[in-house]
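Data block below; observations after.
The values are calculated or read from the model by the stated rules, or taken from the named source; none is laboratory data. Since we're looking at a predicted model, the values are computed, not measured. Backbone-built Cβ (ideal geometry, glycine too); neighbour counts: all protein chains shown. For accessibility, only protein heavy atoms count, side chains too; no ligands or nucleic acids. Shrake-Rupley method; radii C 1.70, N 1.55, O 1.52, S 1.80 Å.
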Amino acid sequence: MTRQVDFDHHSALCTENPVAYYESFREACPVGRTAAHGGYVYTTRYADVVRVARDDGTFSSSRAAAGPDRVAIVIPSGPGLEQYPIELDPPESTRYRDLINPLLTPDAVERLRPMIARHATRIVDEFVELGSADFVRDLTNPLPAAVTLDWLGFPEEDWAPLAGPIHDIFAAPADSERARRGAEGLAHMERRIRELVRLRREKPAGDAVSHLVAQRRPDGEPFGEDELVSVIGLLVAGGVDTTTSLTGSVLVHLSRNPDQRRRLIESPDLLETATEEFLRAFAPSQSMARTALTDAEIGGCPVRSGERVLIPWVAANHDPAVFPEPEEIRLDRDATRHLSFGIGTHRCAGAHLARAMFREMVTQVLTRLPDFTVLEEGLVAYPTRGNQSGWDAIPAVFTPGARLGTPSSGVASAAFQQATPFDVVVTAADTVADGVLSLTLAAPDGAELPAWAPGAHLEFRLPSGRIRQYSLCGDPDDRATYRVAVLREDTGRGGSAELHDLAAAGVTLTVKGPRNHFPLVPAEDYLFLAGGIGVTPILAMVRAAARDGAALRAVYGGRSRSSMAFRDELVEHAGERVTLLPQDERGLPDLGAILSSAGPGTAIYCCGPAGMIEAVERACAGRGLADRLHIERFAAGDDLEAAFDPAANTAFDVHLARTGRTVRVREDQRLIEAVREAVPGLSYDCEKGYCGACETRVLAGTPEHRDSLLTPEERESGRTMMICVGRAASPKLVLDL
């Protein structure tokens, strides 16, 4: 029997520093039993949290298992509206997921972006001229409330009265006076939801509630009022306060870390990647709970039937086995494996909407209040961070700005000018150095390609499901073609080898972008440092700086001259200002000597292998140049990404049992791309095979699993698959879609 441990995720010690608290238990007793709050088993490791969260057959989310009058998914449990589908287990939960998923797909959220921008502009206009604000009261609470409740169809006079109780429930300790006040507010919310449901049955409008009341259960009957109240209550709760918490935590962090704020201001596209890292580091929902339906075992700890089990997302998100140096916040980290939206059947359906609201709020602050300072002495944190983390008050000051008024109808703000995936055709594939392939790309119809600036990259979505980024190295003035260069790494995880094997004149590829996390900022002069394939963004920068007549120096190193792509082109643009350092001829570069030429106005740009970048970072820090160093560091892919050979891809048919259609999946096409054309309300998120959002039942056929989430036993059974990366090992699959 596992010993009982003095553990309490609502304790003052945990509230002070949840990350450190869970770390201490992860090292000493990663899974244990505590008597706090009636007793429960706690977990701390990513793998254990994922196992419990995904095993609905053993660990239930339902109130029936935990007690019908109390919320089942948190510890301690408390009163509240029952929330479908999150407090149900499959298959009961499936019909409600199917009900709400079409409202929250990426395409559906895309259509909401102008509305989000409109509300954000209006809300910031209300305080931007004052030079001060409480970010919680004035921005992070009213914006999600306005967007969520406007989208659902509630009139404006309901927004504040309905949002307030949600914030009280999330921010207050269980059984406190504030929590009781919040519960009273929830009773009012229930009445208003019922009134709106009845109104929309009689007079449908173009809002989300009208959509919900018009839907039918699998038996053809309309959903009952109680069911709709539960679903809509969950949408209100999920939409209103979780984004409030995340945005507030990020604004506090950026005030404390002005260097990261500067990077986001200089590289707005970086916010897309940084959003996942912020979600990992500042999970609004810190933990949830399940109830064991049978005797089980977690990480060596026996669990008795009926026992409660804590699954802390915050602990999983800071597990160094998955996220190296988890205490560091790295804006360019690939953190998409975080669990802040949960995992599996109960992964947050509103993840895309939450990201959209968060990015708009942060972008409004960075563009309209860029010098904001949070007043630390006025910060008020949630009194407990056991279940939810966030802030009650974030006072801030800034230079007053101008009101913008209402954005043009149908136009989203700059935060949402995001490129969507599109096709390009390879017009040339040329070997330009040892193992380096240069690809020239054009639009299939010959149209102009999206504009880009030096430092930008394209995201390639390969037929295997792999996602890789490659810097643009051509001429930004050439809108007819793009150029990238790819180094083949046979000991890597397969992305570069796949592209080398695939790319030939006439091949169509899917890309997203361009995005620029590495912009060329104005400076008195430039020092460019390139290593190996890192020359690609540097080449575009040197071309632009030389064309503008800027003072510059470029240093380019590689294993040998034959391995150094575009060396002659670099010299063509900058002449004697380029120093070539083949290692087999010149040895390792003397960074001290190179950096000694940097003056007080020099901007230093570096791109190359990880070891080179780290050496340059250390050297710049030692010389007081860190604030002038700009680096490009691509994640090579996910370390836990599944290995497979895309050359073995074959075409296959997929029959969608509930839709009644059969679709063909080509060798060079992802399964999810073919399916979502036939199932517009399809649920998916990471598209990398590890969030569980697209897990689908397989009714016939043999799936080929390429995810990194299913257990060996689940793979062997072939009962479900992740359709974002999986394929078929048989000529035909039948899916429960």
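Filtering the stretch 520-562 down to residues that are acidic (Asp, Glu) and in contact with a strand residue (DSSP E or B) (Cβ under 8 Å, 6 or more places away or on another chain), which residue is surrounded by the most Cβ atoms within 10 Å (Cβ to Cβ)? Give the derivation first.
First, pick out the residues of the stretch 520-562 that are acidic (Asp, Glu): 524-525, 548.
Among the residues that remain, those that are also in contact with a strand residue (DSSP E or B) (Cβ under 8 Å, 6 or more places away or on another chain) are: 524-525.
Values: 524: 11, 525: 15.
Once the filter is applied, the top-ranked residue is 525.
Hey, does the stretch 350-363 have a residue that's open to solvent by 50 Å² or more (accessible area, probe 1.4 Å) and assigned to a helix (DSSP H, G or I)? Spell out how you get there, then give the answer.
Of the residues in the stretch 350-363, the ones open to solvent by 50 Å² or more (accessible area, probe 1.4 Å) are none.
Within the stretch 350-363 (the criterion being open to solvent by 50 Å² or more (accessible area, probe 1.4 Å) and assigned to a helix (DSSP H, G or I)), the answer is no, since none of the residues qualifies.
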Practice problem: Check the stretch 495-508 and report whether any residue there is open to solvent by less than 50 Å² (accessible area, probe 1.4 Å), closer than 28 Å to residue 605 by Cα and part of a strand (DSSP E or B). | Solution: no
Exercise. Inspect the stretch 286-295 for any residue being farther than 30 Å from residue 366 by Cα and out of contact with any strand residue (DSSP E or B) (no Cβ under 6 Å at 6 or more places or on another chain) and give the result as yes or no.
Key: yes
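Checking the conditions here, which among 396, 451, 442 is closer than 29 Å to residue 109 by Cβ, open to solvent by less than 30 Å² (accessible area, probe 1.4 Å) and modelled with pLDDT of 90 or more? Show your work before the answer.
Numbers: 451 fails: open to solvent by less than 30 Å² (accessible area, probe 1.4 Å); 442 fails: closer than 29 Å to residue 109 by Cβ.
Going through 396, 451, 442 in turn, the sole match is 396.
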Practice problem: Might you let me know whether the stretch 68-75 holds any residue that is closer than 25 Å to residue 168 by Cα and under 25 Å from the mean Cα position of the chain (by Cα)? | Solution: yes
Quiz item: In the stretch 274-315, how many residues are open to solvent by less than 10 Å² (accessible area, probe 1.4 Å) and closer than 17 Å to residue 337 by Cβ?
Solution: 12
Quiz item: When residue 218 is evaluated against the numbered criteria (1) modelled with pLDDT under 95; (2) crowded, with 16+ Cβ neighbours inside 10 Å; (3) more than 18 Å from the chain's Cα centre (by Cα), which criterion, by number, is the only one it fails?
Solution: (2)
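Among the residues of the stretch 452-464, which ones are farther than 14 Å from residue 507 by Cα and without any contact (Cβ under 8 Å) to a residue 60 or more places away in the chain? Explain how you work it out, then say what you get.
The first filter runs over the stretch 452-464 and keeps only residues farther than 14 Å from residue 507 by Cα, leaving 452-459, 464.
If the condition is that a residue be farther than 14 Å from residue 507 by Cα and without any contact (Cβ under 8 Å) to a residue 60 or more places away in the chain, then 458, 459 are the ones that fit.
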Quiz item: Where in the stretch 1-105 are the helices (runs of 4 or more DSSP H), entirely inside, with at least 3 residues that are modelled with pLDDT of 95 or more and closer than 15 Å to residue 307 by Cα?
Solution: none
Quiz item: If you take the residues in the stretch 139-151 that are open to solvent by 10 Å² or more (accessible area, probe 1.4 Å) and at pLDDT 95 or above, which one is nearest to residue 208 (Cα to Cα)?
Solution: 151
Practice problem: Give the residues of the stretch 1-19 that are under 20 Å from residue 297 (Cα atoms) and open to solvent by less than 60 Å² (accessible area, probe 1.4 Å), sorted by residue number. | Solution: 2, 5, 7
Quiz item: For the stretch 563-617, what are the residues that are open to solvent by less than 40 Å² (accessible area, probe 1.4 Å) and without any contact (Cβ under 8 Å) to a residue 12 or more places away in the chain?
Solution: 575, 587
Quiz item: Of all the residues that make up the stretch 329-345, how many are of a type outside the set (A, V, I, L, M, F, W, C) and either open to solvent by less than 20 Å² (accessible area, probe 1.4 Å) or modelled with pLDDT of 95 or more (or both)?
Solution: 5
Quiz item: In the stretch 685-707, how many are touching a helix residue (DSSP H, G or I) at 6+ places or on another chain (Cβ under 6 Å) and open to solvent by 20 Å² or more (accessible area, probe 1.4 Å)?
Solution: 2
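Collect the residues in the stretch 321-336 that are free of Cβ contacts under 8 Å to residues at least 24 places away in the same chain and more than 18 Å from residue 708 (Cβ to Cβ), keeping them in residue-number order.
Taking the stretch 321-336 as the starting set, the residues that turn out to be free of Cβ contacts under 8 Å to residues at least 24 places away in the same chain are 324-325, 328.
Of everything in the stretch 321-336, those that are free of Cβ contacts under 8 Å to residues at least 24 places away in the same chain and more than 18 Å from residue 708 (Cβ to Cβ) turn out to be 325, 328.
Is it true that some residue in the stretch 632-643 is closer than 28 Å to residue 337 by Cα, part of a strand (DSSP E or B), touching a Phe, Trp or Tyr at 6+ places or on another chain (Cβ under 9 Å) and of a type outside the set (A, V, I, L, M, F, W, C)?
So far as the stretch 632-643 goes, yes, one or more of its residues are closer than 28 Å to residue 337 by Cα, part of a strand (DSSP E or B), touching a Phe, Trp or Tyr at 6+ places or on another chain (Cβ under 9 Å) and of a type outside the set (A, V, I, L, M, F, W, C).
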Quiz item: For residues in the stretch 20-46 being among the aliphatic types (A, V, I, L, M) and either surrounded by 15 or more Cβ atoms within 10 Å (Cβ to Cβ) or touching a helix residue (DSSP H, G or I) at 6+ places or on another chain (Cβ under 6 Å) (or both), which is nearest to residue 329 (Cα to Cα)?
Solution: 31
